[in-house]
1. Out of 107, 87, 151, which single residue is within 28 Å of residue 52 (Cα to Cα), in contact with a helix residue (DSSP H, G or I) (Cβ under 7 Å, 6 or more places away or on another chain) and at pLDDT 95 or above?
2. Could you please find all residues in the stretch 296-314 being assigned to a loop (DSSP other than H, G, I, E, B) and either in contact with a helix residue (DSSP H, G or I) (Cβ under 7 Å, 6 or more places away or on another chain) or modelled with pLDDT under 95 (or both)?
3. I need the full set of residues from the stretch 59-71 which are part of a loop (DSSP other than H, G, I, E, B) and surrounded by fewer than 17 Cβ atoms within 10 Å (Cβ to Cβ), in order please.
4. Exactly one condition in (1) surrounded by fewer than 17 Cβ atoms within 10 Å (Cβ to Cβ); (2) over 30 Å from residue 34 (Cα atoms); (3) within 17 Å of the chain's Cα centre (by Cα) is false for residue 155; which is it?
5. Condition first: buried (at least 19 other Cβ atoms within 10 Å of the Cβ) and either within 17 Å of residue 86 (Cβ to Cβ) or over 17 Å from the mean Cα position of the chain (by Cα) (or both). Now tell me which residues in the stretch 36-50 satisfy that.
6. Against the conditions (1) out of contact with any strand residue (DSSP E or B) (no Cβ under 7 Å at 6 or more places or on another chain); (2) surrounded by fewer than 19 Cβ atoms within 10 Å (Cβ to Cβ), where does residue 221 fall short? Just the number, please.
7. Where the second residue is surrounded by 14 or more Cβ atoms within 10 Å (Cβ to Cβ) and not in a loop (DSSP other than H, G, I, E, B) and the first is without any contact (Cβ under 8 Å) to a residue 12 or more places away in the chain and at positive phi and lies in the stretch 57-86, which pairs have Cβ atoms under 9 Å and are six or more apart or on separate chains?
8. Find all pairs meeting these conditions: Cβ atoms under 8 angstrom apart; at least six residues apart or on different chains; first residue within the stretch 213-225 and free of Cβ contacts under 8 Å to residues at least 24 places away in the same chain; second residue assigned to a loop (DSSP other than H, G, I, E, B).
């Protein structure tokens with residue numbers, strides 16, 4: 001969403017601070033022993049942007065993805081551990097190696113729902129904190145040992161539906177190969193670059209996106225705010241839910257022309273360490289008429305993606321899933337059963 005449109009929605013800093021400390025979502029107790037468990041592996045993605053994914057000289061599966069319509073998960077399901085090891089060690093697509101950082105994280109996921117909410121439970125091993133430093137320059141996010149994020153696809157864009165969160169990751173985002181210099185950022189109109197970098201975005205919000213060449217992406221080619229707003233209403237966005245562990249902050253946001261994070265109006269997370277593992281639960285309202293929210297319906301299946309920042313990292317130094325399918329009373333990689 002453009003910075004201008006975000007302001008129209010009343011998403012100001014004060015509102016973020018207000019909602020981030022609480023939530024309108026009640027979290028009733030769920031008997032997780034009665035909910036089936038799915039398992040996946042999050043892997044370290046290095047600098048494999050959406051442009052990289054679509055370029056044959058970089059990615060052997062580019063043709064299958066772009067021309068044949070394959071999902072990322074169809075080709076790479078079961079390969080996550082090996083892929084993560086190659087990138088975390090700098091063997092492939094990574095120039096900023098973090099010593100001791102693990103290449104993959106196994107995750108257990110459970111999901112259930114009722115007439116009002118979707119409930120999810122995530123369990124994964126805590127980091128050993130053997131990395132020295134934790135990331136380039138030390139702890140990138142000293143307040144949060146971990147962060148957990150989930151994206152939900154509205155199902156309106158085929159490339160996006162088949163790639164999940166990869167559709168939001170571009171070569172000109174922060175710490176990526178084509179990231180623009182800070183003194184060039186003023187060329188981007190309609191997005192907030194006050195942080196000194198370009199956040200995640202979708203190609204639908206740009207007039208053009210360069211897939212090859214020295215500078216990939218489309219950070220400075222933002223469509224007019226009215227066009228972005230119309231596109232979001234038509235489903236050109238990714239719903240983004242995030243938990244920050246340090247102060248137990250739940251955030252309900254989305255990605256279109258940029259990442260827009262709000263307070264926890266539609267979601268509530270709770271998490272803690274249980275032995276050697278993190279256990280995080282999420283309660284998310286099914287229905288919503290807010291721009292940037294996917295209204296979830298029983299009997300339907302949605303593309304979702306997950307990310308974990310561990311060892312106090314930020315930005316792209318995270319672990320991610322391939323695209324997964326969440327079925328609400330329907331088939332999927334994650335089967336949400338009705339309470």
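The values are calculated or read from the model by the stated rules, or taken from the named source; none is laboratory data. For clarity, every value in this text was computed on a predicted model and none was experimentally measured. A quick note on method: Cβ atoms are made from the backbone with ideal geometry, for glycine too, and the neighbour counts reach across all protein chains shown.
1. 151
2. Hits for the stretch 296-314 are 310, 311, 312, 313, 314.
3. Across the stretch 59-71, the qualifying residues are 60, 61, 67, 68, 69, 70.
4. Unmet for residue 155, out of (1) surrounded by fewer than 17 Cβ atoms within 10 Å (Cβ to Cβ); (2) over 30 Å from residue 34 (Cα atoms); (3) within 17 Å of the chain's Cα centre (by Cα): (2).
5. Correct list: 41, 42, 43, 44, 45, 46, 47, 48, 49.
6. The failed condition is (1).
7. 78/41
8. 221/207; 221/208; 221/209
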